[in-house]
1. Using only protein heavy atoms and a 1.4 Å probe, report how much of Ile268 is accessible, in Å² to the nearest 10.
2. For the pair Asp108/Ala172, report the inter-label distance in nm, with labels modelled 7 Å from Cα in the Cβ direction.
3. Does the stretch 275-338 classify as rounded, prolate or oblate by the C-alpha gyration tensor (a ≥ b ≥ c root eigenvalues; a/c under 1.5 gives rounded; else a/b over b/c gives prolate, otherwise oblate)?
4. Mind checking the log10 I(q)/I(0) for the stretch 323-372 at q = 0.25 Å⁻¹? Debye, one equal scatterer per Cα, no solvent, two decimals.
5. Using 0.36 nm per residue of separation minus the Cα-Cα distance, give me the extension gain between Leu54 and Arg93 in nm, one decimal.
6. Mean separation of Cα pairs under 8 Å and 6+ residues apart, divided by the residue count of the stretch 274-372: what relative contact order is that in percent?
7. Rounded if a/c is under 1.5, else prolate if a/b beats b/c, else oblate: with a ≥ b ≥ c from the C-alpha gyration tensor eigenvalues square-rooted, which is the stretch 33-92?
8. So what is the diffusion coefficient of the stretch 79-169 in µm² per second by Stokes-Einstein at 10 °C and 1.306 mPa s, using a Kirkwood Rh over Cα pairs?
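The values are calculated or read from the model by the stated rules, or taken from the named source; none is laboratory data. None of these values were measured; they are calculated from a predicted model. Cβ placement follows ideal geometry from the backbone for every residue including glycine, while neighbour counts extend to all protein chains displayed. Side chains included, ligands, DNA and RNA excluded: accessible areas come from the protein's heavy atoms. Shrake-Rupley method; radii C 1.70, N 1.55, O 1.52, S 1.80 Å.
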Amino acid sequence: MLDRRFINRFDGWFVVVVLLILSLGVLSIYTVTYAVSPKAHLPVYTKQMIWIFLGLIVFFAVAAIDYHEIARWSTFLYTGCVVLLILVLLVGRTGMGAQRWLSLGFFDLQPSEWAKLVVILVLARYFSTRSRLKGLSLRELIVPALWVTVPLLLVLKQPDLGTALVLLFIFAVLVFLIGLRSRTIGVSILISLMAFPFAWEMFWNALKPYQRNRLIAFINPAVDPMGRGYHALQSKIAIGSGGVFGKGLFGGTQSQLKFLPESHTDFIFSVFAEEWGFMGVLLLLILYFLLIWWGLDVADKAKDHLGVFLAVGVVAMLVFYLAVNIGMTLGVVPVVGVPLPLMSYGGNSILTTLAGLGLLLNIKKRRFMLFY
C-alpha cells in the first residue's frame, strides 16, 4: 500500500532523469513530424505526450503496489499474454510487413511489448525460490526455458526479431545471475551446438524477406546503398553531420529533408545526434547511465531474491534496447527494429518501459519494510 513513508522516500532526482529523457524524445519527435502531421488527426508529438501521461499513471500505479503481490499474479499474466500473442497471429493487424498488433479501436495493443515484463515476472518468481549455492541443475532449467520459448516462438512468427532477442537476453542474464552447475553448463553447451543448425534454419525461415535483407546489408551496406543498406548509411550520415555541437533544432538535413527513414521511431537517436551533436549525445548517454546505475543499485540493495531478479531483469531489458538501438544507428549491429527507451515514438513501448521503471522504484521502497 502507498503510505507516508513511501512518499517521504520518493526518489525525486530519478523521476527528473526520466522526465528529461522523455522531454528530449518529444522534442526530437516534434522536429521531424510537426510539418507532416495531417490536420485531421492529432500530431504525432501530441500523441506521444498523451502516451507519456498515461505511462506516468502506470509508473506510479506499479510503484505503489507491493511487487510481491504483482509477482503472485505472474502465472495469470503470463497465460493472458500467451493467449494475446496467439490472437495476434489469428486476427492481428498487419503493418510494415509484420503482424504484431490487436486493434482495440482507440488503441493498437502490441502483446509482444508486454511479454518482456511478463517473462521477467515469471522468471524472477521461479528463480527467487530456487537459489542454490552450486547453481541450477539441468532439470531446474527446463521449466524457465519453456516459459521463454513459448512467447519467443510466437513473437518470431509475427515476426518481431528485436523482441525475440531481448527475451533471450533477459533469460541469459538471469540464468547467469543465479548460476549453473558445471555439469549443467557442459550439457547446455553440447545441446546448443547440436541444435544450432536446426534452430538457425527455423530462425532464418521465420524472417520476412525485408528482415533477411537487413541482416545481409549489415555486413556491407554499400553493396545496395539505395535499398538494403539505405537505413544504415543515412543514419551514419546524420550522426556524423551533427559534429560537436549539432546543427540545431530543425537544422538537420537528413531528418528534415526526409532522407532518414523511421526518423521518429527506430532512428530517433540519429535525429537527436544530428541536431544536438556530440555534446548533446554525451548528455543523453549520461542520463541513460544514471538510469541504469540507479537500477543496478536497486538490485544490489533489494530486500530479497525476488527483488534482485526483478530489478536485474528490468535493467537487462533497458540495456539491451539502449545498446542495440544506438548500435544499429551507428551501423555496428543489424537493423532489427528496436526502439530507444523513453525516446522513440510508440504507446506500447512507453507504457512498458515506464511500468518497468515503476517496478524498480517499487523494489527500492519496499526494502525498508520489515514484513511482506
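1. Surface accessible to solvent at Ile268 totals approximately 0 Å².
2. 3.0 nm
3. Because a/c hits 1.5 or more and a/b fails to exceed b/c, the stretch 275-338 counts as oblate.
4. Each listed q maps to, in turn, -0.90.
5. 11.7 nm
6. 28 percent
7. oblate
8. The calculation lands on 113 µm²/s.
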